[in-house]
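For reference, the structure discussed in these notes is given below.
The values are calculated or read from the model by the stated rules, or taken from the named source; none is laboratory data. All values derive from a computational prediction rather than experimental measurement. Virtual Cβ from ideal backbone geometry, glycine too; neighbours counted across all protein chains shown.
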Amino acid sequence: MTTGALFGSVVAGARDRGGNDPIFALNAEAARRAAAGEAIVNATLGVLMNDDGRLAVMPTVLETLSRSLDATTAGYAPIAGTPAFLRASIADLSAEGAPADLAVATATPGGTGAIYQSVLNFLEPGQSLLTTSYFWGPYREIAAHAGRGTDTFEMFQPGGGFNVGGLQDGLERHISSQGRALVVLNFPCHNPTGYSLTRDEWRSVAERLRHAGERAPVTVLLDCAYLRFGGSASTAWADAVPTMLETTTVAFAWTASKSFAQYGARVGALVALHRDEAERAQITNALGYTCRATWSNCNHLGQRAVSDLLTDPELRRRTHRERQELVDLLGRRIAAFNEAAAAVGLDMPRYDSGFFVTVFSRDAQATATRMREVGVYVVPVSGGVRVALCAVAESEVPRLVDALAEGVRRA
């Protein structure tokens with residue numbers, strides 16, 4: 001028997017939130033239809049699948065994880081991460097061009113944790129990060145949950161290519177309005193567009209950032225989740241780092257999720273570079289404090305295994321070979337997709353590598369809805385639909401492209 005009023009326990013700011021990510025919800029719907037016997041093409045979730053529909057894994061990674069499981073890894077890892085893992089993650093990036101002597105790091109639960117760390121420690125409450133107009137949707141949720149906002153600049157020039165002028169305008173706006181800037185750039189293999197910056201574009205970006213850093217504190221966060229799938233684009237940023245470091249903090253959201261096909265292990269790192277030793281100490285302390293105040297410790301087993309995979313020469317050789325097989329698998333799909341897309345005239349950015357591509361549409365929701373009607377699932381984003389080619393068998397590419405062309409035409 002109720003004797004009094006019932007009060008809502010959830011605070012106003014947290015009420016009526018979606019409890020599930022829209023991409024995972026679409027994936028679940030597609031999976032239910034497939035389980036019921038329908039022929040479904042599911043291009044929603046950002047995980048690499050084999051052509052037989054099974055999750056693509058790397059045997060050496062699984063063996064190393066199994067071998068690393070012992071009483072030691074059952075215990076807590078250090079708050080900021082194991083020293084071996086932090087050294088290994090820094091070394092992995094320094095091999096591509098990030099100077100290790102200017103770097104500090106902390107372990108995070110995947111790349112998502114590294115983004116959260118950056119938003120919380122490089123922006124004041126109420127300020128906003130700056131990113132491209134096409135962006136990974138959780139940036140917005142991460143920022144909002146931390147009491148920060150998300151602002152964008154138009155990603156592409158009218159004729160194609162990266163809109164460096166838009167970045168410069170955004171930087172000026174943020175410096176004028178909030179006295180600092182955190183720029184999040186998801187290259188190579190941008191999610192959701194598949195675009196990768198050229199070396200010339202990186203040089204132009206670096207010059208704008210260097211100039212902005214002369215006027216205010218500027219941090220550029222390179223979300224490099226797909227670094228090992230970018231081909232020649234994977235190192236295009238390296239020459240830009242020294243220029244950016246003249247005046248800015250350069251940070252990397254590093255993750256084992258894609259590079260080692262271990263999405264569920266939640267092993268990542270935020271690696272931050274700064275020229276000043278005292279400032280690096282401040283960054284280290286701030287990141288460690290955030291670790292303790294949120295997730296406390298990261299996956300000890302995963303850190304042990306990834307450290308070994310990055311530092312043991314034989315494991316590195318085997319892992320590189322197995323990863324290259326996955327890169328080649330995805331490359332064949334991309335080649336088939338680009339050929340079919342060109343034949344039907346799909347409007348999309350340059351797509352050479354990575355898990356995703358965006359096909360532009362004047363009504364993304366209508367396009368995605370019509371595609372679901374014929375059993376093909378993609379994710380609507382502002383201005384187009386995101387296609388997770390990583391999850392689509394090469395044999396399904398023609399059906400996928402036909403559905404995209406019809407969905408865009410009828411939208």
When segment 139-162 is examined, which residues are found to be crowded, with 17+ Cβ neighbours inside 10 Å, in contact (Cβ under 8 Å) with a residue 24 or more places away in the chain and not aromatic (Phe, Trp, Tyr)? ILE142, ALA143, ALA146, ARG148, MET155
So SER234, is it in contact (Cβ under 8 Å) with a residue 40 or more places away in the chain, under 26 Å from VAL61 (Cβ atoms) and more than 20 Å from the chain's Cα centre (by Cα): no
Among the listed residues ALA388, ALA364, identify the single one that is touching a residue at least 24 places away in the same chain (Cβ under 8 Å), hydrophobic (A, V, I, L, M, F, W, C) and over 19 Å from ILE40 (Cα atoms). ALA364
Can you find, within segment 108-127, the residue that is surrounded by the fewest Cβ atoms within 10 Å (Cβ to Cβ) among those that are in contact with a Leu (Cβ under 8 Å, 6 or more places away or on another chain) and part of a helix (DSSP H, G or I)? ASN121
If only one of ALA251, ALA305, ALA269 is part of a helix (DSSP H, G or I) and small (Gly, Ala, Ser), which one is it? ALA305
Tell me, yes or no, whether segment 351-361 has at least one residue that is in a helix (DSSP H, G or I), among the hydrophobic types (A, V, I, L, M, F, W, C) and on the phi < 0 side of the Ramachandran plot. no
Within segment 371-396, count every residue that is in contact with a helix residue (DSSP H, G or I) (Cβ under 8 Å, 6 or more places away or on another chain), surrounded by 19 or more Cβ atoms within 10 Å (Cβ to Cβ) and part of a helix (DSSP H, G or I). 3
Exactly one of LEU130, LEU167, LEU171 is part of a strand (DSSP E or B), among the aliphatic types (A, V, I, L, M) and either buried (at least 16 other Cβ atoms within 10 Å of the Cβ) or in contact with a strand residue (DSSP E or B) (Cβ under 9 Å, 6 or more places away or on another chain) (or both), and that residue is LEU130
Check on GLY194, in a helix (DSSP H, G or I) and either of a type outside the set (Phe, Trp, Tyr) or out of contact with any His (no Cβ under 9 Å at 6 or more places or on another chain) (or both): no
For segment 43-94, give me each residue that is among the charged types (D, E, K, R) and not in a loop (DSSP other than H, G, I, E, B). GLU63, ARG67, ARG87, ASP92
Check segment 290-299 and report whether any residue there is under 24 Å from ARG228 (Cα atoms) and modelled with pLDDT of 95 or more. yes
Starting from segment 49-70, keep only residues that are closer than 21 Å to SER395 by Cβ, then list their pairs with residues that are of a type in the set (A, V, I, L, M, F, W, C) and assigned to a helix (DSSP H, G or I) whose Cβ atoms are within a distance under 6 Å, requiring at least 6 positions of separation or different chains. MET49/ALA391; ALA56/LEU326
Just the residues that are touching a Lys or Arg at 6+ places or on another chain (Cβ under 6 Å) and at positive phi, please, taken from segment 100-126. GLY110
